[in-house]
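A.B. asks: I have a structure I would like to understand better, so I am pasting it below and will then ask my questions one at a time.
The values are calculated or read from the model by the stated rules, or taken from the named source; none is laboratory data. Model, not experiment: these values are computed from the prediction. In this analysis, Cβ positions are derived from the backbone assuming ideal geometry, glycine residues included, and neighbour counts consider all displayed protein chains. Surface areas here come from the heavy atoms of the whole protein model, side chains and all, with no ligands, DNA or RNA. Shrake-Rupley method; radii C 1.70, N 1.55, O 1.52, S 1.80 Å.
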Amino acid sequence: MEWRFIEPAPGQDFVELAGLFDVVMVADRRYLVMNNVWGALTPQTLLVDVRNGDFTVIRAEHDGGEQVASYPAIVIGCHWEISTDGSGMPVEVRRLASLLSSWSFTPIDSGKWNAAYDLWFSPLTDSTIGYPGGAEIMIWLDRRGAAPDGSLVETVGIGGLEWEVWFEGKKRDWVYIAYNSKQPVREVNNLDLLAFIQDCMRRGWIQRDWYLHAVEAGFEIWKGGVGLASRGFSVSLTRKD
């Protein structure tokens, strides 16, 4: 993929991302928003508030194939060679003291999609070629017509909610883990992301000397998508001395 950076004009508060891999830095470069139409060639456009990273899908013509068409998302950290400023990532998992995130979103009653966090891990500090030999943790808060890849392992309680744990041993070059909320969740405040990482470590799916590269939140879209909106994303990371 070849990222295309969109530069807002001075005083411009909103931009549109319409290219497959259009990206814009937001909130003084602390975060980035990406259109990320990685699984299809169907049109998609985001309207992004560059002051805070809030975005809305205003055009999407995905037709509902088996492959995910896109994952429009807001990102902190390092995503396939592009990095935000001052994130503290990549960071060794063993050095994580806390990792908290808040996020809310607007769902829609059509199409096929999920609303999910995406956390990326690798034994390497370089994310230029992705995350070979590492892992991807997805945290599904809500969904319509979709289910995680892999197999259902069990149900666990984290953060006062019940989550289905799904696992696929090799998805491309990394293992895939999904925590699927049994009840729709539309907003989280200071969600303890480290608790999910620690659960994966106990299962042997993530190693303490691997690196956390990025925390992302957005929508995997198979079909439709117009009206999905992301609001108020923030991440607070504290390292151990």
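A.B. asks: Quick one: Debye curve from the alpha-carbon atoms of the stretch 132-181 only, equal weights, vacuum; give me log10 I(q)/I(0) at q = 0.17, 0.20, 0.23, 0.26 Å⁻¹ to two decimals.
C.D. replies: -0.50, -0.66, -0.83, -0.98
A.B. asks: Continuing with the same structure: Rounded to the nearest 0.05, what FRET efficiency do E61 and E162 give with R0 = 25 Å and r taken as the Cβ-Cβ distance? Could you check? It would help to have the intermediate numbers written out before the result.
C.D. replies: Numbers: r = 35 Å, r/R0 = 1.41.
Efficiency, rounded to the nearest 0.05: 0.10.
A.B. asks: Right, something else. Which net charge results for the neighbourhood of V24, defined as the other residues with beta-carbon distances under 11 angstrom from its beta-carbon, given Lys and Arg at +1 and Asp and Glu at -1?
C.D. replies: Values: positive: R4, R29; negative: E7, E16, D22, D49.
So the surrounding residues net to -2.
A.B. asks: At 222 nm, what helix-only mean residue ellipticity would the chain give, in deg cm²/dmol to the nearest 500, using -39500 (n - 2.57) for each DSSP H run of four or more?
C.D. replies: -1000 deg cm²/dmol
A.B. asks: Per residue, how many Å² of accessible area does the stretch 90-134 show with a 1.4 Å probe?
C.D. replies: Working: 1470 Å² over 45 residues.
Heavy-atom SASA per residue in the stretch 90-134 reads 33 Å².
A.B. asks: Across all directions of projection, what mean area in square nanometres is found for the Cα convex hull of the chain? If you can, show how the numbers build up before the last one.
C.D. replies: Values: hull surface 47.6 nm².
Its Cα hull, projected and averaged over all orientations, spans 11.9 nm².
A.B. asks: I've got another one for you. Treat every Asp and Glu Cβ in the chain as -1 and every Lys and Arg Cβ as +1, leave all other atoms uncharged, and give the resulting dipole magnitude about the Cα centre to the nearest 20 debye.
C.D. replies: Working: 22 positive and 32 negative charges, 88 e Å.
I would put it at about 420 debye.
A.B. asks: Debye calculation, C-alpha points only, no solvent: report log10 I(q)/I(0) for the stretch 65-204 at q = 0.09, 0.11, 0.16, 0.17 Å⁻¹, in the same order as the q values.
C.D. replies: -0.27, -0.41, -0.92, -1.06
A.B. asks: Below 13 angstrom from the Cβ of F196, what's the summed charge of the other residues (Lys, Arg +1; Asp, Glu -1)? Write out the running numbers ahead of the final one.
C.D. replies: Details: positive: R202, R203; negative: D118, E136, E164, D192, D199.
Around F196, the charge tally is -3.
A.B. asks: Quick one: which of 144-152, 48-56, 232-240 comes out on top by average Cβ neighbours within 10 Å, and what's the full order, highest first? Write out the running numbers ahead of the final one.
C.D. replies: Numbers: 144-152: 15.1, 48-56: 21.1, 232-240: 17.2.
Per-residue mean Cβ counts within 10 Å order the peptides as 48-56, 232-240, 144-152.
A.B. asks: Something else about it: What's the Cα-based Rg to Rh of the stretch 11-103, Rh via Kirkwood?
C.D. replies: On the way: Rg = 14.6 Å, Rh = 14.4 Å.
For the stretch 11-103, the value is 1.02.
A.B. asks: Another question, then. If you wrap a convex hull around the alpha carbons of the stretch 108-151, what volume per residue comes out, as a whole number of Å³? Intermediate values should be presented prior to the final figure.
C.D. replies: Numbers: hull volume 4.5 nm³, N = 44.
Dividing the Cα hull volume of the stretch 108-151 by its residues yields 101 Å³.
A.B. asks: On to the next question. Provide, as a two-decimal number, the C-alpha radius of gyration of the stretch 123-213 over 2.2 N^0.38 Å, N being how many residues it has. If you can, show how the numbers build up before the last one.
C.D. replies: On the way: Rg = 13.4 Å, N = 91, 2.2 N^0.38 = 12.2 Å.
Output field value: 1.10.
A.B. asks: Could you give the accessible area per residue of the stretch 144-241, probe 1.4 Å, as a whole number in Å²? Kindly include the intermediate steps, with their values, before the conclusion.
C.D. replies: On the way: 4640 Å² over 98 residues.
Per residue, the stretch 144-241 has 47 Å² of solvent-accessible surface.
A.B. asks: Past the 17 angstrom mark, what percentage of all C-alpha to C-alpha distances in the stretch 182-241 do you count? Working shown, then result.
C.D. replies: Numbers: 1031 of 1770 pairs.
Of all Cα-Cα pairs in the stretch 182-241, 58 percent lie more than 17 Å apart.
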